[in-house]
2 protein chains.
Amino acid sequence: MSLKHSESVTHEAKSSTLDPRPSNRLASFPESLATIVIERVLPELDGGRYPVKREVGDRFEVTADIFKEGHDILMAALRYRSSGESDWHETPMRHVENDRWAGWFDLADNTRYDYTIVSWVSAFESWRQELSKKRETQTDLQSELSEGYALVKAAAQRAGSADRTHLHEHLLRWEASDSQHTLIRLALTDTLADLVRRYEERVALTVYDRHLTVIADRIRARYGAWYEMFPRSQGAVPGRSATFNECERRLPAIQAMGFDVLYLPPIHPIGRTNRKGPNNSLQAGPEDPGSPYAIGNEHGGHDAIEPGLGTLADFDRFGRAAHDHGMEIALDFAINCSPDHPYVTQHPDWFYHRPDGTIKYAENPPKKYQDIYPLDFYCRDWRGLWQEMKRVLLFWADRGVRIFRVDNPHTKPVAFWEWVIREVQAHNPDVLFLSEAFTRPKMMRALAKAGFTQSYTYFTWRNSKQELTDYLVELTQSEMKEYFRANFFTNTPDILPEILQQGGRPAFKFRLVLAATLSPSYGIYSGYELCESRAIPGTEDYLHSEKYEHKVWDWDRPGAITDYVATLNRIRRENPALHEYENLRFYSAENEQIIFYGKMTFDQRNAVLVAVNLNPFQAQTARLTIPLADLGIAPDETYQMHNLLTDHRDLVIGETYSIRLDPHTEPAGIFAIRRWTRREQDFDYFL
Amino acid sequence: MSLKHSESVTHEAKSSTLDPRPSNRLASFPESLATIVIERVLPELDGGRYPVKREVGDRFEVTADIFKEGHDILMAALRYRSSGESDWHETPMRHVENDRWAGWFDLADNTRYDYTIVSWVSAFESWRQELSKKRETQTDLQSELSEGYALVKAAAQRAGSADRTHLHEHLLRWEASDSQHTLIRLALTDTLADLVRRYEERVALTVYDRHLTVIADRIRARYGAWYEMFPRSQGAVPGRSATFNECERRLPAIQAMGFDVLYLPPIHPIGRTNRKGPNNSLQAGPEDPGSPYAIGNEHGGHDAIEPGLGTLADFDRFGRAAHDHGMEIALDFAINCSPDHPYVTQHPDWFYHRPDGTIKYAENPPKKYQDIYPLDFYCRDWRGLWQEMKRVLLFWADRGVRIFRVDNPHTKPVAFWEWVIREVQAHNPDVLFLSEAFTRPKMMRALAKAGFTQSYTYFTWRNSKQELTDYLVELTQSEMKEYFRANFFTNTPDILPEILQQGGRPAFKFRLVLAATLSPSYGIYSGYELCESRAIPGTEDYLHSEKYEHKVWDWDRPGAITDYVATLNRIRRENPALHEYENLRFYSAENEQIIFYGKMTFDQRNAVLVAVNLNPFQAQTARLTIPLADLGIAPDETYQMHNLLTDHRDLVIGETYSIRLDPHTEPAGIFAIRRWTRREQDFDYFL
């Protein structure tokens, strides 16, 4: 925050008028002349009930309707303070048009900021404007000039010593001047106005009713490529769990693919009672490892490590190694207990009970999940249970974990998440939470508003051009953009979408392009780079899912698209336009099977256009309409289209560009658009 | 409010959970398990900052998104109380679809109601649903049935004596039953569910964050025909003011035209200093009466009567006479003081002063209004000034005045209006305020939100079909409909619109039809019925305006449309569809000069369609598309179109109806649509 832009708050800021008025005032006599209307503040969620979200380094812009009766000249300022501060900073707002005002401050730190708006009448500015008007038509302005003199004198009395001296100099010159013409010129100088404005009384000072909040998350909240893998399947020895030490050997290959986040399904001891066998069968053999989502056995619960993977020390070492490979670990937070979880004996009161006193397993009639005991968030000792959940999260946060992917948050109270996320972030504001809520849209949105940093989405089930366009417009252009950050996973251990089962390698390629370029956060679940597409027929479940088995993978098997993944992630890294969310725009491609969209940075310096053939079987052609106006390119200007996937370059004039996309060679084009200027490094191509 | 629909609130309603949560909670531990999400409540203005408006007798419907994690069965209720009550009433809400709930209560009284929403989990309903599902697939349900028994028993302990007896009977039968099949049937009966639901514990009880408010105004707030007249011009003797007694003689003629409200410009003593002469000239002759908006002289100020009109007793008598003629008086509340107003000597501190101590007249450079001293709502004694304004309003309210038309409210603080209207309505909830704010849209809306019952609009300047459609859609279909009630004046003493100056009698006719049928509240300024259209050239000002002169009118002069006005007001009275606001819909007429729209009552019993030729010079024809689906008429059904202006009737089948409107005979058609049934009283016409 530059000092020039921001000023510390003057005396009024600490007066009682700072307190927001109650939202539905009674007819009691107003306490002060807070008569300015401040409304339609943006951003503001549900009347300020929920915070909006941004990232550190963002310029946070706030706009509002601000107006008052009559012709007085208004001033307005944005007030803000970070969560640690009690005093407000203040930065001026400017009138844009039609009673709309705008102001901004920089989100310098990874924390929460409160903000609100204050406005007041500048008597001196109002006086200046009246004087300017009257000098055109009126000859005797002695009375008006006396008024101005009184305003300057009052400001001088309030001014700090240096400025008081300046103001007194102005007053002396004013007194010495004998011609009305000179006096008017003196009175209307901007230097004088700047000085007076700083110290004059704030007439009709009005503070907006509400304190609003913006969360400034770290950049990873918005931008990152995720890789999900089962640690126990990262080794080379069949029939037993791989260890964290074996996982460590996989890190260079994953780093080479260019991922930022390494997400691990639960790493805790797995229950033995009613353990699931291969393909989710009810009977497990003695060697079957069970689902890592049935957490807890004699080795411990949510704060323990499954012995087959190693020890806590091994986990710590693996985390450091991942960090050394440019990645951070995301842990799964799955609030499920196996019947063997320590809570079952330590806190039987946290579970649901039958009248005979036995504990209930999970069920959603007619389905039964006998390997899992759900926790009762409404039990008598709910406070103890909630606190324990917080303790578990902080336990891992203390070991350096900064991202939690939360399993099925929509089956626990939204109010619990609102509380626990805020508590954890109060200790560690850099901790991110990804909501795995595949449920009704209103619940998904409510969880995001309540505090989840990111959310899974319906992306896996959006295939047609219209579906994708509608969904992305909703995510990036509606009010959802203020609080809901999508993380586009191409697949998950539970979702092998039909398009991948049917579309083969071309589908794996173009769905990857869509995920990686439509959303700044995206992820794949390992096996995707191998185009693994064997499903249990008629389902979206993987055949022989590693959720229930030890697996050994051939990471170099034929048909793998490992290099393609690496290329995508390199393109993402090199193009800041792809790090943003709200900058997505859809453009015209005259073919219902080719989707065409683009992103550019605010300063137009980086612009990327993407065309994808959504048909995995047939080549498609389309005439694309290049958005020249958006790109700042003149209709007759030459520009370069550089296909970053193929490294093919083209020189173009005009808005029409024809394209052919063959899924069997390359189903997508990702074009960097470069204007042709002599300063351009690609100059030699144009000769 | 029927007892069946509404129930008094059970014990939880008075517990601490009733208090709304602060709108931006801190991370402190939740005080209770209020875990249900209640959001997107409609209607709700600016997060509850302002009340919404309805009229007495309305059924007030409230909807909201209400949901919770998991599969529990939710209950929800609307809570409300009128301003005099401290306890809440409660009425059930029903689930509509997709987590949207709706409920309603009747606005029985002319007062303010607070409302909010409460939701909770019904353990018994959740249990019933689970049992119903399980009985399909599971044989042993003993444990489940025991759970239900416990829930019924707990409810019985809470029940009132009569219901407790019933519940104990159920429990006895339960205990006596030996077959699981019989038990299940017993457990799932609706009678039992109804009883238990009434007394079971409200699990996860959640109250919406905010108390919202709805104002139930009397019907005149929405529906009424206004007639504006200068009392001093209602006589027959040239050169002097008519008296209230002479005005009384005009009442039968005004009643015959069918008006509900008789609105009088200021009736107070008029200033002498710098009094304005004819046509707003700066020099008044000794006999010139001056503008009634320059209020106050030696006879008194805002609580006095201009002696030329009579005495306070005369005014009271005139008010009673108006009432006897089916009309009520609307008084002008114009906060202007002439230099001779008593305030000037009694409260010189309420005015603006020059440095030399003299009082400033009104000006908006370069314009000067030397006959008026504006009051300074920000003066040191602003509290005294505001209280005096309230006293003046209550003075007239005490004399039976129940409508104030407020002159230029946008030049006084919005916060003042919010306070003073609420204060006056606290004493007299039936007092209505009409805002004469011809200013920027945001200020007009802010005044309405702050409390004005009705507002003047831009109607006088909306002439084309597109302009009228856009404006009316905004007024009746946007959020404005919740708080902004339009009153469509065809003309005012300050606005003789171009269309009337140019369009002559046809324009006077169709602008009247538009005003009277587009808006349930509308008005004319006297002279309109005479088609008075002489303007000061190049302006919208009347030539020889009665604002500055004593006038004598020939109320029977040739070309008058007095009967047309009477017909319009009769049609309005006889058709309840025209008493509503939000029910306006526009329909297709294949001619840019013919506008076609309709209104119908909620029950479709009264339906009116209106077609207006907006061209005052040329006849126009158009094919209208009758909205058969809206009207509930089948495509092959015969229906009657009865033109209420001409009394011409037509028998129609199908959606197309052709019309020709000649401005020189009849520029509009107002059609009552009647379905043809044997019960129809118009049966003989169809033979």
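Read-outs throughout are calculated quantities, based only on the coordinates presented, and are distinct from any laboratory measurement. In this text the structure is predicted, and so the values were computed from the model without any measurement. Here the Cβ is made from the backbone with ideal geometry for all residues, glycine too, and neighbour counts use every protein chain on show.
Values for this structure:
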quantity: Across the identical copies, how the residue B:430 labels are spaced - nm, sorted shortest first, 7 Å along Cα→Cβ; calculated: 7.0
quantity: Whichever lysines have a C-alpha closer than 30 Å to that of residue A:547, once near sequence neighbours (fewer than 8 apart) are set aside; calculated: A:276, A:360, A:367, A:368, A:390, A:412, A:442, A:509, B:68, B:133, B:134
quantity: Within the protein assembly as shown, helix-based [θ] at 222 nm, where runs of 4 or more DSSP H residues each add -39,500 (n - 2.57), nearest 500; calculated: -8500 deg cm²/dmol
quantity: Per-residue mean of C-beta atoms belonging to partner chains within 10 Å, peptide B:411-421; calculated: 5
quantity: Chain A, closest residue to the rotation axis toward B, by beta-carbon, whole angstrom; calculated: A:47, 1
quantity: Cα centroid of segment B:245-261 to Cα centroid of segment A:87-146, whole Å; calculated: 51
quantity: With Cα atoms, 0 to 90° folded angle of helix B:244-257 axis to chain B main axis; calculated: 60
quantity: Rounded D (µm²/s) - chain A, Kirkwood Rh over Cα pairs, Stokes-Einstein at 25 °C, 0.890 mPa s; calculated: 84
quantity: Interchain or long-range residues, amide H under 5 Å from residue A:561's placed H; calculated: A:530, A:531
quantity: In segment A:85-135, GluC sites (Glu not before Pro) in a DSSP loop with at most 12 other beta-carbon atoms within 10 Å; calculated: A:85
quantity: Segment B:182-216 versus segment B:274-288: alpha-carbon centroid distance in Å; calculated: 72
quantity: Under-5 Å amide H pairs with residue B:330, H placed in peptide plane, nonlocal only; calculated: B:262, B:263, B:264
quantity: Charge dipole (debye, nearest 20) of the protein assembly as shown; +1 at Cβ of Lys and Arg, -1 at Cβ of Asp and Glu; calculated: 140
quantity: Cβ-vector label at 7 Å, residue B:83, separations to other copies in nm; calculated: 4.2
quantity: Peptide-level mean, for A:39-47, of C-beta atoms on other protein chains within 10 Å; calculated: 4
quantity: Protection proxy ranking, peptides B:611-617, B:157-163, average beta carbon neighbours within 10 Å, highest first; calculated: B:611-617, B:157-163
quantity: Distance between modelled label sites at residue B:189 and residue B:352, nm, 7 Å Cα→Cβ extension; calculated: 7.9
quantity: Helix axis angle, A:441-450 relative to chain A longest principal axis, alpha carbon, degrees; calculated: 60
quantity: Along principal axes, Cα extents of segment A:36-106, largest first, whole Å; calculated: 39, 25, 21
quantity: Within 10 Å of each Cβ in B:339-349, the average number of Cβ atoms from other chains; calculated: 0
quantity: Förster radius 25 Å - calculated FRET efficiency between residue B:618 and residue B:555 (Cβ-Cβ, nearest 0.05); calculated: 0.20
quantity: Distance between segment B:414-468 and segment A:640-654 - C-alpha centres, whole angstrom; calculated: 59
quantity: Average silhouette area of the protein assembly as shown, convex hull of alpha-carbon atoms, in square nanometres; calculated: 63.8
quantity: Neighbourhood charge, 13 Å Cβ-Cβ cut-off, centred on residue B:667 and excluding it, Lys, Arg +1 and Asp, Glu -1; calculated: +2
quantity: On Cα atoms only, tilt of B:161-176 relative to the major axis of chain B in degrees; calculated: 30
quantity: For residue A:554, label point 7 Å along C-beta direction: distances to other copies, nm; calculated: 11.0
